[in-house]
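Quick one: the structure is below, and I'll ask about it shortly.
The values are calculated or read from the model by the stated rules, or taken from the named source; none is laboratory data. From a predicted model like this one, the values you see are computed outputs, not experimental measurements. Positions of Cβ are backbone-derived with ideal geometry, glycine not excepted, and every protein chain shown enters the neighbour counts.
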Amino acid sequence: MLYFIAVFLILASIFIGNAALSIFAGILFAYFFKLPTSFITGRVGTIPLQIGIVLLGATISLPYALAVSSVYLPWISLFVIISFVAGLMLGKILGVHHRVAFLLSSGAAICGGTAMAAVAPIIKAKPHELLIAMTIIFLLNAAAIIVFPIVGNYLEMNNFEFGAWSALAIHDTGSVIGSALIFSNESAQVAATLKLGRTIWLIPLILIANWIFNKQAQATKFPRFILFFLLAIIANTIFAFNEQIITILQISSQAFLLFGLFCIGSQFNSNELKSISGKPLILALMLWAIVIPSAYFLVKYF
C-alpha cells in the first residue's frame, strides 16, 4: 500500500512539475505514514537527483558552461572562503560547539549535506551533532525552494541572475536546482553550472579539515556525479545534440529531479526537530542573512 501511494505521489509530482510540491509531498508522506528507514525512497536517497543533474548537464554545451563560469568562478571562490570563515567566527562568538560550527559553515559555504557528510568523519563529529546540522540545513533548504522563486519574481530578476543567485545562496545542490527549476529551465542550467564551482571546493575543504583536526580522510569520497555532470557537458559539445534530443533530456532531467526531491522530502523525521538547539539555528540564520543579500548584490551589479 505504501509503495502504491509513493508511486502515485511521485507521478503526480512529476506531472505537475513543481519542485517545491515534490519535496513537500515527500515530507507529508513521511509524516503521515511514519516510513521505516528501509523504505525504498530512503534507500535510493539522492541517486535520482544526481541522475537528473547529470542529464541536465547533457543539455549544456561546454562554451556555454565556460561563458557562465568565467564570469562568476573567481567570485564563487571568494564567496566560499568568506562564508566559511564567517561561519566559524560567528560560531565562536555565539558559543556553538566547534564541531557543529565547522559542519554548519561547511554546509552553508559549499554544498549543504554533502559537505557536512564529507567532513563529519574527519572532524569526528558525533551522530547528534551531524543530525543537528543536517536538520537545520534541511529546513533552510526546504524554505529556500518556496521563498527564493517568489523573491526572484518580486525583484524582477532575469533567468541568468536567478540561477546565479540560487547557486550562490542556497546550500544543497538539490534545493539549488529545485528552486531554479521553478523559475525557469534556463535558470536551472545556470544554477547547475555555477553550483559545480562551489561543490569543487569540497576537495580543499577535506584537506583543511584534515589539517585542522589532524585526522585521516580515508572515509571521504568526492561526489562522482559531478564528474559525470562534466562528462555530460563534454558529450553535448562533441556530439552537438539536436533540439529533439535536448528536449528529451530536459524532460527526463526534470522527472528525475522531481523524483529525487520527493525522496529527499520522504527522509524527513519530525522527531529530529526536537534535537535543534537555539545557538546552532541562530548561527545558520545569521550566516544566511549575510549570504543571501551579498549573493544578490553580486549577481545584480557585477
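Hey, among the residues in the range 243-263 that are hydrophobic (A, V, I, L, M, F, W, C) and in contact with a Gly (Cβ under 6 Å, 6 or more places away or on another chain), which one's modelled with the lowest pLDDT?
Among them, the one singled out is Leu261.
Kindly check whether there is at least one residue in the range 81-102 that is within 29 Å of Asn236 (Cα to Cα) and either in contact with a His (Cβ under 7 Å, 6 or more places away or on another chain) or surrounded by fewer than 20 Cβ atoms within 10 Å (Cβ to Cβ) (or both).
No, there is no match, as no residue in the range 81-102 is within 29 Å of Asn236 (Cα to Cα) and either in contact with a His (Cβ under 7 Å, 6 or more places away or on another chain) or surrounded by fewer than 20 Cβ atoms within 10 Å (Cβ to Cβ) (or both).
Please find, within the range 53-80, the residue that is modelled with the highest pLDDT out of those that are surrounded by fewer than 22 Cβ atoms within 10 Å (Cβ to Cβ) and among the hydroxyl-bearing types (Ser, Thr, Tyr).
Checked the range 53-80; the qualifying residue modelled with the highest pLDDT is Ser77.
Separate question: Scanning the range 212-242 for residues that are modelled with pLDDT under 75 and assigned to a helix (DSSP H, G or I), which turns out nearest to Ile122 (Cα to Cα)?
Phe213
How many of the residues in the range 181-204 are free of Cβ contacts under 8 Å to residues at least 40 places away in the same chain and more than 15 Å from Cys111 (Cβ to Cβ)?
Count: 4.
Look at the range 130-169 and say how many of its residues are assigned to a helix (DSSP H, G or I) and either more than 19 Å from Gly260 (Cα to Cα) or in contact with a His (Cβ under 7 Å, 6 or more places away or on another chain) (or both).
25
Scan the range 140-162 for residues that are under 16 Å from Pro280 (Cα atoms) and touching a residue at least 40 places away in the same chain (Cβ under 8 Å) and jot them down.
Leu140
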